[in-house]
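Undergrad: Handing you this structure, nothing more for now.
The values are calculated or read from the model by the stated rules, or taken from the named source; none is laboratory data. Note that the coordinates shown come from a computational prediction; the quantities given were computed from them, not determined experimentally. Positions of Cβ are backbone-derived with ideal geometry, glycine not excepted, and every protein chain shown enters the neighbour counts.
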Amino acid sequence: MIPSMNCSPSLTGTTGRLLVYQITYTNRFRKHYRKLHPDEKKQIKRKVERLAENPMHPSLRTKRIQGVDDFFECSVNVDIRIIWYYEGERLIALLDVGHHDILNRL
């Protein structure tokens, strides 16, 4: 199951760091997340928490997706990406997750 990350800015994650953003998941994200290997899910959980702390953290390698103004991608590992967008000032919506070819599905 995907961890609940709908947190207020005053709450901390499992690392004890301040979570600045709330995280919400689309049905598409949930569907593709369920299909991943348990080890990949564990990596994703850690990166989603990092995303909630600081979307521009260097380990995420966050960048805008070319040709789509409001969508971003970040790296979970060499092969897995998360596609997301800001929804308001303190909410990040996770649109999709999967191997690098998810960028072709936009």
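Undergrad: Quick one: in the range 28-72, of everything that is aliphatic (A, V, I, L, M) and under 11 Å from the mean Cα position of the chain (by Cα), which residue is farthest from ILE102 (Cα to Cα)?
TA: Keep residues of the range 28-72 that are aliphatic (A, V, I, L, M), which gives 36, 44, 48, 51-52, 56, 60, 65, 68.
Still in the list and also under 11 Å from the mean Cα position of the chain (by Cα): 44, 48, 51-52, 60.
On the way: ILE44: 15, VAL48: 17, LEU51: 19, ALA52: 21, LEU60: 17 Å.
Per the criteria, the residue is ALA52.
Undergrad: Here is a further query. Residue by residue through the range 78-87, note down the ones that are over 12 Å from the mean Cα position of the chain (by Cα) and not β-branched (Val, Ile, Thr).
TA: Residues satisfying the conditions are ASP79, GLU87.
Undergrad: Considering only residues that are surrounded by fewer than 18 Cβ atoms within 10 Å (Cβ to Cβ) and modelled with pLDDT under 95, look in the range 14-27 and name the one that is nearest to the chain's Cα centre (by Cα).
TA: Checking each candidate, the answer is VAL20.
Undergrad: On the given criteria, is HIS100 touching a strand residue (DSSP E or B) at 6+ places or on another chain (Cβ under 7 Å) and not charged (D, E, K, R)? I'd like the intermediate steps shown before the answer.
TA: On the way: touching a strand residue (DSSP E or B) at 6+ places or on another chain (Cβ under 7 Å): yes; not charged (D, E, K, R): yes.
In short, yes.
Undergrad: Within the range 37-106, which strands (runs of 3 or more DSSP E) (wholly inside it) include 2 or more residues that are aliphatic (A, V, I, L, M) and crowded, with 16+ Cβ neighbours inside 10 Å?
TA: Working: elements: 72-75, 80-86, 91-99.
Answer list for the range 37-106: 80-86, 91-99.
Undergrad: If you don't mind, there's one more thing I want to ask. Under 6 Å between Cβ atoms, which residue pairs at least 6 apart in sequence (or on different chains) link something in the range 33-55 that is touching a residue at least 40 places away in the same chain (Cβ under 8 Å) with a partner that is among the basic types (Lys, Arg) and surrounded by fewer than 16 Cβ atoms within 10 Å (Cβ to Cβ)?
TA: Note: pairs meeting the criteria are GLU53/ARG17.
Undergrad: If the Cβ limit is 7 Å and pairs must be 6+ apart or interchain, which residue in the range 74-90 that is among the polar types (S, T, N, Q) pairs with which residue that is in a strand (DSSP E or B) and surrounded by 14 or more Cβ atoms within 10 Å (Cβ to Cβ)?
TA: Correct list of pairs: SER75/ARG81.
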